[in-house]
Structure formats: C-alpha cells, structure tokens
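Have a look at the structure below before the remarks.
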Amino acid sequence: MANILIVSGHPDLAHDSVANVTIRQALQEKLPEAEFDDLGTLYPDYQFDVASEQQKLERADIIVFQYPVFWYHFPALLQKWMEDVFLRGFSHGSTGDKLKGKKVVVSLTTGAPAAFYEGAEAGFPLQILLAPLEATCNLTQMKLVGQVLTGDVSYASRNDAAAKASMIERARAHASQLAELVRSI
C-alpha cells in the first residue's frame, strides 16, 4: 500500500471554505490511511517545522496538494511552505534526491467556474497555471500524475443555502474522483 500525504494549503480551512472542508472530510473517509498535513492549522504564523515537514514528504509515495487557486497560483501559505521545506540538498541539487520518484496529484478548487480555466475567459488554460508546479516536480524528480479541479465554489456563496448545498455535493464528488485517482496510482 502506498503512503499518501495530503497537504492542505488553505490558510484558514475552518472559516473560509465550504468546498475545501468538505473535500478534506470526505477524503478522510475515503482515504483513512492517508496522512493529512493541514498547513493552516499547524502553521497559522507561517513558521514551519521544516524537519517534520521533510519527514512527512520522505515517508510519502504519493503527495496530494489540495488548495484553492488564489490569483492563479498557490495560496501564500503553500508557496512559503515550499520555499522553506524544499531546500537544496533535500529536494534538489547534487545531493537533494529525497523527493525523487514521488508521485504528485493536484487537487484544486476555484471560485470561478472551471470553464474560466479552460482558456476562454482567462486566456490561460489550467495546464499553464500548473507550469510552476510541474517545473518544481521536474527539478525535484517528482512526477505530476494527475489533477482534479472543481470550480464555482466561491466562499462568497456560502450563505446561500442552495449554492452551499451544491458546493457540498460537488466537493464530495471531487473527493470521490480524487480518491479514485490516488488509488489508481
């Protein structure tokens, strides 16, 4: 059985995201063997325990990055985590091979409809937005093996009962699709 690490990059999961909370809860049911690394809960001050985080990464065979897209990229918390944890000599460089061969799956949510990231309105398909992560995978010798995107889950709609119910339903479907993808690796 593969060791699965799910890194939640949402900075305030409990208060700001119906979809990401639902995905997290559903994944705990569907992938109970996975290790969950909720960065916003563990490190609200953005001061990471680098050694602990590196150990989690070393144990993992599959790493899932679960996060909302903020301004076409990672939330700042996840970006800083990568900057602090993916150090030369650990993740890359002549002696940095600790991530070599690990499989990466990206699990994304967006406030805008998913069609927005298919290039029509934004002008940039999701693959272009994932290019920095793919480059990171290449540098660290990991392999980006899949992604799941669920759009139109804006936190601005959480007070509308029908919209919230729809978000929860789509987030559960997202978690099912993600769990299937992870299990197929």
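Checking Ser154, Ser166 one by one, the residue that is touching a helix residue (DSSP H, G or I) at 6+ places or on another chain (Cβ under 9 Å), free of Cβ contacts under 8 Å to residues at least 12 places away in the same chain and either under 19 Å from Lys100 (Cα atoms) or of a type outside the set (Asp, Glu) (or both) is Ser166 and no other. If you go through the stretch 1-25 and keep only what is in contact with a His (Cβ under 8 Å, 6 or more places away or on another chain) and within 19 Å of Ile62 (Cα to Cα), you end up with just Ile23. No other residue among Val21, Val64, Val50, Val69 is within 27 Å of Met1 (Cα to Cα) and modelled with pLDDT under 95 apart from Val21. Checking the stated criteria, Gln141 turns out not to satisfy the condition of being at pLDDT below 90, under 25 Å from Ile4 (Cα atoms), surrounded by fewer than 16 Cβ atoms within 10 Å (Cβ to Cβ) and in contact with an Asp or Glu (Cβ under 9 Å, 6 or more places away or on another chain). The set of residues from the stretch 11-40 being more than 21 Å from Lys103 (Cα to Cα), of a type outside the set (Ser, Thr, Tyr) and open to solvent by 10 Å² or more (accessible area, probe 1.4 Å) comprises Pro11, Asp12, Leu13, Ala14, His15, Asp16, Val18, Val21, Gln25, Glu29, Gly40. Among the residues making up the stretch 144-180, those that are open to solvent by less than 50 Å² (accessible area, probe 1.4 Å), at pLDDT 95 or above and under 14 Å from the mean Cα position of the chain (by Cα) are Leu144, Gly146, Val148, Ala171, His174, Ala175, Leu178, Ala179. Any chance the stretch 116-123 includes a residue that's open to solvent by less than 50 Å² (accessible area, probe 1.4 Å), modelled with pLDDT under 95 and among the aromatic types (Phe, Trp, Tyr)? Within the stretch 116-123, one or more residues are open to solvent by less than 50 Å² (accessible area, probe 1.4 Å), modelled with pLDDT under 95 and among the aromatic types (Phe, Trp, Tyr). Scanning the stretch 9-18 for residues that are within 13 Å of the chain's Cα centre (by Cα) and more than 10 Å from Pro75 (Cβ to Cβ) turns up just one, Leu13. Residues being over 28 Å from Ser176 (Cβ atoms), surrounded by fewer than 19 Cβ atoms within 10 Å (Cβ to Cβ) and among the charged types (D, E, K, R) are represented in the stretch 51-65 by at least one member.
I'd like to know if the stretch 35-54 contains one or more residues that are over 12 Å from the mean Cα position of the chain (by Cα), small (Gly, Ala, Ser) and closer than 27 Å to Ala163 by Cα. Yes, because at least one residue in the stretch 35-54 is over 12 Å from the mean Cα position of the chain (by Cα), small (Gly, Ala, Ser) and closer than 27 Å to Ala163 by Cα.
When Pro68 is tested against (1) touching a His at 6+ places or on another chain (Cβ under 7 Å); (2) open to solvent by 50 Å² or more (accessible area, probe 1.4 Å), just one condition goes unmet, and that condition is (2). Within the stretch 1-10, if we keep just the residues that are of a type in the set (A, V, I, L, M) and either at pLDDT 95 or above or open to solvent by less than 10 Å² (accessible area, probe 1.4 Å) (or both), the residue that is farthest from Ser154 (Cα to Cα) turns out to be Ile4.
Contact map, the stretch 75-103: first residue on the phi > 0 side of the Ramachandran plot and at pLDDT 95 or above, second residue of a type in the set (Gly, Ala, Ser) and open to solvent by less than 20 Å² (accessible area, probe 1.4 Å), Cβ cut-off under 9 Å, separation 6 or more or different chains; pairs are Gly89/Gly96. Quick check, is Gln127 open to solvent by 70 Å² or more (accessible area, probe 1.4 Å), more than 21 Å from Ala34 (Cβ to Cβ) and modelled with pLDDT of 95 or more? Answer is no for this residue.
The values are calculated or read from the model by the stated rules, or taken from the named source; none is laboratory data. Not measured: the values here are computed from a predicted model. Note that each Cβ is placed from the backbone with ideal geometry, even for glycine, and that neighbours are counted across all protein chains shown. Calculation scope for accessible area: heavy atoms of the full protein, side chains included, ligands and nucleic acids excluded. Shrake-Rupley method; radii C 1.70, N 1.55, O 1.52, S 1.80 Å.
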